[in-house]
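To start, the structure itself, in structure tokens.
The values are calculated or read from the model by the stated rules, or taken from the named source; none is laboratory data. None of the values given here were measured: they were computed from a predicted structure. Backbone-built Cβ (ideal geometry, glycine too); neighbour counts: all protein chains shown. In case anyone asks, the SASA skips ligands and DNA or RNA and just uses the protein heavy atoms, side chains included. Shrake-Rupley method; radii C 1.70, N 1.55, O 1.52, S 1.80 Å.
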Amino acid sequence: MKYSKIEWTDATWNPSTGCNKITSGCKNCYAEVMAKRLQAMGAPGYENGFEFTLMPDRLELPKKIKKPTKFFVNSMSDLFHEKMPYTFLDKVFQTIEVTPKHQYQILTKRENILEDYFKNRIVPKNVWLGVTVENAKCKNRIDVLRNIDAEIRFLSIEPLIGSVGKLNLKNIHWVIVGGESGHKARPMKPEWAIDIQRQCDEQGVAFFFKQWGTWGEDGVKRSKKANGRILLGKEWNEEPEVELAL
């Protein structure tokens, strides 16, 4: 477990690491770069670099945290990866179920596996279930997500690398938008982000603007920090309302 600088969560929990690229949104994967860096440093858990690897010794970590925490699950992998055994997934969700004081934010690009896994299983109430939608070609993931019975359903529209067009946000509670970062980052056009914010407002969905990334609103390449998080003159930090277990 690691406390996180990601603006929309408190900490990360990676019961598996590693992944592989499946869509254009994966092209400049930050996790791949970080995993190879950690491998070079000899960091525990990254001996295999970015190859998919189960981390059974991390399964119990959230149980040791007393303070109610929002965990981004598998920031360095995809929990619903093709090589993830359902028996191991069951153990991940067992930990989640016995720690109701925590909230678990789970994000995937593998909506078909997500759908199959929960076909005969119940999503714990303290899970926020999300899919990545980096452009209009990936909107089918939303249709899969909206039909899974979860307390909170969210979209991560990051990296936003193209217009997503018209969004049907029925049964979606939260939308995160962000531009790509890194020296190979692709620019995000302001009108793409503004259009998503407008649609969230019209459909009553919480909107969170994470970052411009490497390319600023003015189309100039700078550091991510220098470009900031201001959209339409303000920071957008909306989140869905949740009931916390006492």
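Annotation: of all residues in the range 101-144 being aliphatic (A, V, I, L, M), within 19 Å of residue 75 (Cβ to Cβ) and not in a strand (DSSP E or B), the one that is farthest from the chain's Cα centre (by Cα) is 113. In the range 179-193, the residues that are within 13 Å of residue 32 (Cβ to Cβ) reach residues that are assigned to a helix (DSSP H, G or I) and open to solvent by 30 Å² or more (accessible area, probe 1.4 Å) with C-beta atoms within less than 8 angstrom, at least six apart or across chains, in these pairs: 182/30; 182/33.
Return yes or no: is residue 54 free of Cβ contacts under 8 Å to residues at least 40 places away in the same chain, surrounded by 15 or more Cβ atoms within 10 Å (Cβ to Cβ) and among the hydrophobic types (A, V, I, L, M, F, W, C)?
On the way: free of Cβ contacts under 8 Å to residues at least 40 places away in the same chain: yes; surrounded by 15 or more Cβ atoms within 10 Å (Cβ to Cβ): yes; among the hydrophobic types (A, V, I, L, M, F, W, C): yes.
Yes.
Checking each residue in the range 83-100 for being in contact with a strand residue (DSSP E or B) (Cβ under 7 Å, 6 or more places away or on another chain), farther than 17 Å from residue 70 by Cβ and in a helix (DSSP H, G or I) picks out only 88. When every residue of the range 101-116 is checked against the conditions, none turns out to be within 21 Å of residue 11 (Cα to Cα), without any contact (Cβ under 8 Å) to a residue 40 or more places away in the chain and open to solvent by 60 Å² or more (accessible area, probe 1.4 Å).
Here is a check on your reading of the model: is residue 169 part of a loop (DSSP other than H, G, I, E, B), touching a residue at least 24 places away in the same chain (Cβ under 8 Å), within 19 Å of the chain's Cα centre (by Cα) and crowded, with 21+ Cβ neighbours inside 10 Å? Before you say what the answer is, go through the steps one by one.
Values: part of a loop (DSSP other than H, G, I, E, B): yes; touching a residue at least 24 places away in the same chain (Cβ under 8 Å): yes; within 19 Å of the chain's Cα centre (by Cα): yes; crowded, with 21+ Cβ neighbours inside 10 Å: no.
Considered against the rule, which asks whether it is part of a loop (DSSP other than H, G, I, E, B), touching a residue at least 24 places away in the same chain (Cβ under 8 Å), within 19 Å of the chain's Cα centre (by Cα) and crowded, with 21+ Cβ neighbours inside 10 Å, residue 169 comes out as no.
Taken over the range 11-62, the criterion of being on the phi < 0 side of the Ramachandran plot, out of contact with any Gly (no Cβ under 7 Å at 6 or more places or on another chain) and of a type in the set (Gly, Ala, Ser) is satisfied by 11, 16, 24, 25, 31, 40, 43. For the range 203-246, the set of residues classified as assigned to a loop (DSSP other than H, G, I, E, B) and of a type in the set (Gly, Ala, Ser) consists of 204, 213, 216, 219, 223, 228, 233, 245, listed by residue number. Taking the listed residues 80, 88, the one that is among the hydrophobic types (A, V, I, L, M, F, W, C), under 20 Å from residue 20 (Cβ atoms), touching a Ser or Thr at 6+ places or on another chain (Cβ under 6 Å) and open to solvent by less than 20 Å² (accessible area, probe 1.4 Å) is 80, with no other qualifying.
Which residue is nearest to residue 100 (Cα to Cα), if the candidates are limited to the range 222-242 and must be touching a residue at least 12 places away in the same chain (Cβ under 8 Å) and open to solvent by 90 Å² or more (accessible area, probe 1.4 Å)? Top of the filtered list is 235.
Only one of 213, 178, 182, 130 is at pLDDT below 95 and closer than 22 Å to residue 30 by Cα. Can you tell me which?
Values: 213 fails: at pLDDT below 95; 178 fails: at pLDDT below 95; 130 fails: at pLDDT below 95.
Criteria check complete, one pass: 182.
Residues that are of a type outside the set (Asp, Glu), in a loop (DSSP other than H, G, I, E, B) and closer than 30 Å to residue 177 by Cβ within the range 56-82 comprise 65, 67, 68, 69, 74, 75, 76, 79, 80, 81, listed in sequence order. Regarding the range 185-193, can at least one residue be identified that is among the basic types (Lys, Arg), more than 16 Å from the chain's Cα centre (by Cα) and surrounded by fewer than 16 Cβ atoms within 10 Å (Cβ to Cβ)? Within the range 185-193, not a single residue is among the basic types (Lys, Arg), more than 16 Å from the chain's Cα centre (by Cα) and surrounded by fewer than 16 Cβ atoms within 10 Å (Cβ to Cβ). Contact map, the range 1-27: residues that are closer than 17 Å to residue 95 by Cβ and open to solvent by 70 Å² or more (accessible area, probe 1.4 Å) paired with residues that are of a type outside the set (Gly, Ala, Ser) and not in a strand (DSSP E or B), Cβ distance under 6 Å, separation 6+ or inter-chain. Pairs shown: 1/61.
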